[in-house]
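Just so it is clear, none of the values below were taken in a lab; they were calculated from the coordinates. Since we're looking at a predicted model, the values are computed, not measured. Quick reminder, even Gly has a Cβ in these numbers, built from the backbone with ideal geometry, and neighbours come from all protein chains shown.
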Amino acid sequence: MPVKAMGLDFPNPVGLSAGLDKNGEHIDALAALGFGFIEIGTVTPRPQPGNPQPRLFRLPRAQALINRLGFNNLGIDRLAYNVGRSHYRGILGINLGKNFATPMEKAGADYLAGMRKAYELASYLIVNISSPNTVRLRELREADALRPLLELLKREQSALAQQHGRYVPLAVKIAPDLSEEQIGVIAMLLLELNIDAVIATNTTLSRVGVEGLEGAAEAGGLSGAPLRERSTAVVRSLHSYLGDRLPIIAAGGILCAHDAVEKVAAGARLVQLYTGLIYRGPALIGECVQGLLDFATQRS
């Protein structure tokens, strides 16, 4: 079920979300499961251990996870080495973040460093401003911080496109914990600055849907079934501002084909899996592709 987005041709609209393969160590194996695209990272310029363990918790009764991993990764140089060794020639997204120890006023330098080393390896790049597990990172979603960051990265994108003779799209990944006003401001900024796509959404700080369950009080971002409704609402809101001018990649709470269809019906062009893969296994990928194909056929 081919889909075109960001100027790229996706063999099918179901991808792997960032976070599962942070260092690009398993690209070939993951691609063999049938994903239409793979996203690796989040990667930072320098290696970092992430938050102390334990930092990942299953809530099986809610089909949910809570994580406070904290961008644990081996750094952009190791990721670049691993990508170079892989045989995958499909669509590869590389998700970029800032190091924990980098002051907020220097965050742009970290994203630039990641961008420069990942540019020639990636089909598209992602600016992760939405993880709840790096202190103050979500401050970057505010317009007075987001505008200068994205302006900086768009200038670098243009320079790198000239240097490499190839334009690599730039996407921004946002949080579900946004007001309608914040969504509108971000949407208009993405259009104004010619950002190539938006990913909605990252994990949530909310605990709605998991109250009283073992592990629910753990700090970190919640993903899985309890996130589905809020994530879809953000997709729908974004689409009301963006229309078809900028593609939306939907992630959050997709555990069956119906969930994937719901995201596309709300305005998404592509979808991504993570927690659903943990609970449902690889069969979920083909199930979602078939469900989206049936939906597209019915609409036509």
Signed unit charges on C-beta, dipole axis of the range 3-299, positive-most listed residue Val271, Tyr81, Gln298
Tyr81
Shape category assigned to the range 95-254 from the gyration tensor of Cα positions, a/c cut at 1.5:
prolate
Cα radius of gyration and Dmax for the range 3-299 (Å):
17.6, 54
Considering the chain as a Gaussian network with a 10 Å cut-off on Cα pairs, which listed residue, Gly220, Gly276, Gly165, attains the greatest mean-square fluctuation?
Gly165
Once you charge only the Cβ atoms, +1 for Lys and Arg and -1 for Asp and Glu, what is the size of the charge dipole of the chain about its Cα centre, to the nearest 20 debye?
400
Considering only Asp144, Asp259, Asp110, give the residue with the highest GNM mean-square fluctuation for the chain, with springs between Cα atoms whenever their separation is below 10 Å.
Asp144
For the range 163-247, the charge dipole (Cβ of Lys, Arg +1; Cβ of Asp, Glu -1; about the Cα centre) points to a positive end, and the Cα of Ala233, Val210, Leu191 closest to that extreme belongs to Leu191
Determine, for Cys288, Cys256, the number of other Cβ atoms within 10 Å of each Cβ, and report the residues in order from fewest to most.
Cys256, Cys288
Using the 10 angstrom Cβ neighbour count as an exposure proxy, how do Lys98, Lys154 rank, fewest first?
Lys154, Lys98
Seen from all sides and averaged, what is the projected area of the convex hull of the Cα atoms in the range 216-259, in nm²?
3.9
Tell me, what is the percent relative contact order of the range 61-174, built from C-alpha pairs under 8 Å that lie six or more residues apart?
28
Quick calc, the range 177-300, dipole around Cα centre from Cβ unit charges on Lys, Arg (+) and Asp, Glu (-), nearest 20 debye, gives 260
Relative to the present Cα-Cα distance, how much length would full extension add between Val208 and Gln182 at 0.36 nm per residue of separation?
7.3 nm
Would you calculate the volume per residue, in Å³, of the smallest convex hull containing every Cα atom of the range 83-140?
92
Taking the range 3-299, how many lysine pairs are there with alpha carbons less than 25 Å apart, if each pair must be eight or more places apart or span two chains?
20
In the range 3-299, what % of DSSP beta bridges are antiparallel (nearest 5)?
30
Return Lys263, Lys106 ranked ascending by Cβ neighbour count within 10 Å, so the fewest neighbours appear first.
Lys106, Lys263
Give me the orientation-averaged projected area of the Cα convex hull of the range 237-300, in nm², one decimal.
4.2
Determine the calculated [θ] at 222 nm for the chain from helices alone, applying -39500 (n - 2.57) to every DSSP H run no shorter than 4 residues and normalising by the residue count; nearest 500 deg cm²/dmol.
-11500 deg cm²/dmol
What does the convex hull of the Cα atoms come to per residue for the range 172-300, in Å³?
102
Charges at C-beta only: +1 for Lys and Arg, -1 for Asp and Glu. How large is the resulting dipole of the range 3-103 about its Cα centre, in Debye rounded to 20?
360
Mind running the shape call on the range 43-100? Use the C-alpha gyration tensor, a ≥ b ≥ c as the square roots of the eigenvalues: rounded below 1.5 for a/c, prolate if a/b tops b/c, oblate otherwise.
oblate
